[in-house]
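Here is the structure we will look at, set down as structure tokens.
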Amino acid sequence: MEYYELHPENPQQRYINKAVEVLKNGGVIIYPTDTVYGFGCDIYNKKAVERIYMIKNETNTKLFSFLCSDLKDISKYAKVSNYAYKSIKKLIPGAYTFILPAAKEVPKILWTKRKTVGIRVPDNEIARTLAEGVGNPIISTSVTTRRGELIYYPLEIKSIFNRQVDLMLSMGALNGVPSSIIDFTGEEAEVVREGSGDISMFL
């Protein structure tokens, strides 16, 4: 694993560029988000997505979210009602995952049986820059042990996944709570998980 420590206020662009290059070449990375560390790969690289399923000890029935740099392409990947679009626009960038009906552009490996997709636009410029650099969304799923426990400390993450991941961008300990999950597939928004993001507008 290549391992780079980023400056918290002025992250070194050369390290971010290296991560983008790894993603474009079909690699798997670990990167900081606005909540916890995440595993990432290009959503269009099936082998890389399957690697993350293996690393996380998950079956491919588990929904992996993906991360967009902004909202401009959201209609390419999801069917978004006016209500959902207006709500999401108020909340991003932020610690939310939005469940929406999947559009045809989403690779089938990322669909659930309900034909939905989870989308994130995090309040973390590094994470958004990675997706922007790749030119399409990247996988966003929390770094956990094989038992599903969150790992917050970079050196612990490095020691566990050193041989399984190609590159890690470190920004120190991220003691965040996973994102709030909002389901927009019904007529009204449903809070599936209360996490870091403020959900008061849905209560």
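Some notes on this structure:
- Angle between the chain longest axis and helix 46-55 axis [Cα atoms, degrees, rounded to 10]: 80 degrees
- Relative contact order (%) - criterion: Cα under 8 Å, at least six apart; region: segment 113-203: 16 percent
- Burial ordering of M168, M54, fewest other beta-carbon atoms within 10 Å first: M54, M168
- Over the residues of the chain, the helix contribution to mean residue ellipticity at 222 nm works out to -7500 deg cm²/dmol, using -39500 (n - 2.57) for each DSSP H run of at least 4.
- Reducing segment 30-57 and segment 178-200 to their Cα centroids gives an inter-centroid distance of 22 Å.
- Proxy reagent accessibility, fewest Cβ within 10 Å first, across T35, T112, T129: T112, T129, T35
- When I16, I119 are sorted by how many other C-beta atoms sit within 10 angstrom of their C-beta, beginning with the fewest, the order is I16, I119.
- Positive-end extreme of charge dipole, the chain - chosen from T141, P122, M201 (charges on Cβ): T141
- Segment 1-126: translational diffusion in µm²/s, Stokes-Einstein, Kirkwood Rh over Cα pairs, 10 °C, 1.306 mPa s: 102 µm²/s
Throughout, read-outs are computed from the coordinates displayed, never taken from laboratory work. Note that the structure is a prediction, hence the values are computed from the model and not measured. Positions of Cβ are generated from backbone atoms using ideal geometry, with glycine treated the same way; all protein chains shown enter the neighbour counts.
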